[in-house]
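None of the figures in this text is laboratory data; all of them are computed from the coordinates on show. Just so it is clear, the model here is predicted, and its values are computed rather than measured. Glycine also receives a Cβ, built like all others from the backbone with ideal geometry; neighbour counts cover every protein chain displayed.
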Amino acid sequence: MAIRAVFLDMDHTLCDTEQADQLAVIDFQEELAAQFGRAVASQISRKYLSVIYGEYRHRQGWQRRPGETEIGYRARLLAQTAGEICDSNEPFGSPIDLAQLFMDLRIRHFTFFPGVTDMLRELRSRLTLVVVSNGPLFSQEPKIARVAMDRHVDHILLGGSLPHEKPHPSIFQLACRKAQCEPSEAIHVGDSLESDIRGASNAGITSVWLNSGEPVAQPVPAPDHIIRHICELEDVLNGLM
């Protein structure tokens, strides 16, 4: 059956989230340096990034509390991070303002990978494009606005606004309904084996793993196709159509 729709992850797939994070950390360090000095400011900035987006988020004491707003949660973690590194209970500026500043800096640097807008324009001329992205609306909606995603694709699905995120099949089923296609008529590309590849495969959708890191001999779960850069997706599609 011919491919009629392409489902696309956003972070680390269409957009260079890692570069945005790195540049935001550098700018954020400058804001913190006046209070803590450059060396400590660097430690706070990088650990805060790990707390929010990395390995610390699911550890005891770093989890979001019931009823806590997203910005309140991030402000608390920022203050907690600074307190642990500095081994101090001294007041830490305005954590809410600083947490919002980090978000603003991150969005300022958020952009598509090179070549993506041209690729999307060409694909959209013949296929329905649906962005399928995980993450809270607090962080995802500003990214969508920053790159004017709605000008480049037909539909945008954010897991933070739905009952389930990837890899749950319901978000892929919704994408199929939006694109008015069967699962066998769609292809999904993303960088996460667990969220993107497992989710697409379980929904009966052809999966494409974007692996820009070191080659993996036997990725689990196994994707149908592997690419190194998002613009290689066109080669995969040409082979399927």
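Legend: ranking of residues 48, 53 from fewest to most surrounding C-beta atoms inside 10 Å; resulting order 53, 48. Over all pairs of different C-alpha atoms, the chain has a mean inverse distance whose reciprocal, the Kirkwood radius, equals 19.2 Å.
Please report how far the C-alpha centroid of segment 157-233 lies from that of segment 113-156, rounded to the nearest whole angstrom. If we compute the Cα centre of each part, the gap is 15 Å. When DSSP beta bridges are restricted to pairs lying wholly in the chain, around 5% turn out antiparallel. Of all stretches in the chain that contain no GluC sites (Glu not before Pro) in a DSSP loop with at most 15 other Cβ atoms within 10 Å, the longest one is 69-241. Within the same chain, lysines fewer than 8 places from residue 178 are excluded, and of the rest, those with a Cα less than 19 Å from its Cα are 166. For the chain, build the charge dipole from Cβ charges (+1 Lys, Arg; -1 Asp, Glu) around the Cα centre, then report which of 33, 51, 111 sits farthest towards its positive end. With unit charges placed on the Cβ atoms, the residue in question is 51.
Residues 143, 178, arranged from fewest to most other Cβ atoms within 10 angstrom of their Cβ, appear as 178, 143.
For residue 206, the residues 5 or more places off, or on other chains, whose built amide H falls under 5 Å of its own are 186, 188.
Candidate membrane-span-like segments in the chain, meaning DSSP H helices with Cα atoms spread over at least 18 Å of their own axis and a Kyte-Doolittle mean of 0.0 or above, are 38-53, 70-86, 95-108, with no membrane implied. Cβ-to-Cβ counts within 10 Å put 162, 49, 8 in ascending order as 162, 49, 8, the fewest first.
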